[in-house]
Amino acid sequence: MQNKIIDGKSISVEIRNEVKAQTEILKREKGITPGLAFIIAGDNPASKVYVRNKGKACEEAGFYSVTEHLSENVAEKELLSLIEKFNKDDKIHGILMQLPLPVHLDTRKIIESINFKKDVDGFHPVNAGNLSIGEKCFVPCTPLGIVEMLKREKIETSGKHSVVIGRSNIVGKPVAALLLRKDYNCTVTVSHSKTPDMKLISSQADILIAAIGKANYIKKDYIKEGCVIFDVGINRVEDSSAKSGYRITGDVDYEDCFEKCGMITPVPGGVGPMTIAMLLRNTLDSAKGVVYER
Ligand code: NAD
């Protein structure tokens with residue numbers, strides 16, 4: 001019998017071990033070490049933690065990685081020339097610009113300056129376009145982690161109705177585009193903040209993806225009996241019993257939905273750990289040249 005809880009943490013460990021083993025082979029047989037460059041601008045505490053964790057994951061996988069920490073008021077020109085340096089660097093197969101950027105910088109211009117063949121985050125318009133027309137491309141890591149969990153848990157997707165709540169460029173839109181592909185064959189509905197009757201839509205989902213950014217928003221009356229839930233949300237809620245004074249919760253009210261749903265990802269320990277694992281896999285694929293020829 002399948003486990004009701006989709007354990008993203010243990011699936012991510014499995015993937016990271018696979019990446020590590022394949023990295024050793026790539027080094028041994030081709031003399032290539034996957035290389036990832038992180039760029040962070042400013043002192044956003046969450047961004048710093050994310051980059052540190054991703055750097056550690058690279059080290060464990062046997063990657064080469066480099067982090068450039070720029071000041072909050074870095075000039076656009078300086079950032080663009082750093083990206084250009086990494087674009088030309090043969091040791092670097094992936095470039096990750098940590099978002100959000102300081103407000104004076106034009107996010108679109110910066111992302112577009114990354115060589116799309118090194119855009120392991122899948123945010124470049126060429127990758128977004130290739131994703132929507134079903135071509136090979138780098139797919140954003142969080143949506144990729146979701147479909148990887150579907151595959152590894154052997155969840156049937158063909159002909160299923162998938163409802164995606166949220167239409168961001170990093171989660172909602174790419175996960176919808178992926179599920180629509182012939183590999184998954186879902187019927188996809190995308191909803192958002194202006195969708196008038198969310199319950200009516202979400203309660204038709206066989207597969208529900210919540211990427212809203214609102215703590216415990218999805219209650220049991222929003223879901224269909226037996227549905228599979230992927231909770232992308234990472235929200236801080238006050239918790240006086242926690243040392244830090246807060247805890248992390250998802251967009252889905254886990255306790256409320258648990259009995260009624262068929263399967264669910266917990267927060268933390270569900271979608272989150274998969275994101276880093278897929279970043280490693282995208283970088284490895286870039287180093288191997290299996291997405292775009294190098
Ligand atoms: P976003 O703020 O860019 O987008 C949120 C989306 O939710 C918007 O499209 C908006 O229309 C929709 N929305 C807002 N209120 C709604 C409502 N009442 N009903 C229906 N739709 C509504 O956020 P994002 O970047 O997509 O992230 C969403 C959540 O996922 C956040 O909590 C974020 O922290 C988390 N996240 C987690 C990971 C991970 O690795 N687990 C990765 C990215 C984002």
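The values are calculated or read from the model by the stated rules, or taken from the named source; none is laboratory data. Predicted model only: the values in this text are computed from it and were never measured. Cβ sites come from the backbone with ideal geometry, for glycine too, and all protein chains shown count toward neighbours. For accessibility, only protein heavy atoms count, side chains too; no ligands or nucleic acids. Shrake-Rupley method; radii C 1.70, N 1.55, O 1.52, S 1.80 Å.
Among residues of the range 195-208 that are polar (S, T, N, Q), those with a Cβ under 7 angstrom from a residue that is within 12 Å of the ligand (Cβ to nearest atom) and open to solvent by 40 Å² or more (accessible area, probe 1.4 Å), sequence gap 6+ or separate chain, pair up as T195/I201.
Residues of the range 83-98 that are in contact with a strand residue (DSSP E or B) (Cβ under 6 Å, 6 or more places away or on another chain) and hydrophobic (A, V, I, L, M, F, W, C): F86, I92, I95, L96, M97.
Of all residues in the range 99-116, one or more are under 18 Å from the mean Cα position of the chain (by Cα), under 16 Å from G289 (Cβ atoms) and not aliphatic (A, V, I, L, M). Between A211, A287, A205, the distinction of being within 12 Å of the ligand (Cβ to nearest atom), surrounded by 17 or more Cβ atoms within 10 Å (Cβ to Cβ) and not assigned by TED's automatic domain parsing to the domain that holds H93 belongs to A211 only.
Residues of the range 104-122 being in contact with a Ser or Thr (Cβ under 9 Å, 6 or more places away or on another chain) and hydrophobic (A, V, I, L, M, F, W, C), which ones? Listed by number, the list holds a single entry, V120.
Within the range 233-250, the set of residues being hydrophobic (A, V, I, L, M, F, W, C) and in a strand (DSSP E or B) comprises V237, I248. Scanning the range 217-232 for residues that are in contact with an Asp or Glu (Cβ under 8 Å, 6 or more places away or on another chain), crowded, with 24+ Cβ neighbours inside 10 Å and in a loop (DSSP other than H, G, I, E, B) returns C227, V232.
Pairing each residue of the range 234-260 that is hydroxyl-bearing (S, T, Y) with any residue that is part of a strand (DSSP E or B), provided the two are 6+ apart or on different chains, yields C-beta distances under 6 Å for Y246/R236; Y246/E238; T249/N235; T249/V237. Hey, does the range 189-198 have a residue that's outside any strand (DSSP E or B), within 25 Å of G134 (Cβ to Cβ), assigned by TED's automatic domain parsing to the domain that holds G262 and at pLDDT 95 or above? Within the range 189-198, one or more residues are outside any strand (DSSP E or B), within 25 Å of G134 (Cβ to Cβ), assigned by TED's automatic domain parsing to the domain that holds G262 and at pLDDT 95 or above. Applying the set (1) closer than 18 Å to D121 by Cβ; (2) touching a helix residue (DSSP H, G or I) at 6+ places or on another chain (Cβ under 8 Å) to Q22 leaves exactly one unmet item: (1).
Residues in the range 156-188 that are in a helix (DSSP H, G or I) and more than 9 Å from the ligand (Cβ to nearest atom) were compared, and the one that is surrounded by the fewest Cβ atoms within 10 Å (Cβ to Cβ) is L180. Does S132 satisfy the criteria of being surrounded by fewer than 17 Cβ atoms within 10 Å (Cβ to Cβ), in the same structural domain as D251 (by TED's automatic domain parsing) and either touching a residue at least 12 places away in the same chain (Cβ under 8 Å) or closer than 30 Å to L79 by Cα (or both)? In short, no.
Would you point out the residue of the range 261-284, among those that are open to solvent by less than 60 Å² (accessible area, probe 1.4 Å) and either part of a loop (DSSP other than H, G, I, E, B) or without any contact (Cβ under 8 Å) to a residue 12 or more places away in the chain (or both), that is farthest from T33 (Cα to Cα)?
To start, the set of residues in the range 261-284 that are open to solvent by less than 60 Å² (accessible area, probe 1.4 Å) comprises 261-267, 269-284.
Adding the requirement that they be either part of a loop (DSSP other than H, G, I, E, B) or without any contact (Cβ under 8 Å) to a residue 12 or more places away in the chain (or both) leaves 261-262, 265-267, 269-270.
On the way: C261: 43, G262: 41, T265: 33, P266: 34, V267: 33, G269: 29, G270: 29 Å.
It comes out as C261.
Somewhere in the range 145-152, is a residue within 11 Å of the ligand (Cβ to nearest atom) and either at negative phi or in a helix (DSSP H, G or I) (or both)? Yes - at least one qualifying residue is present in the range 145-152.
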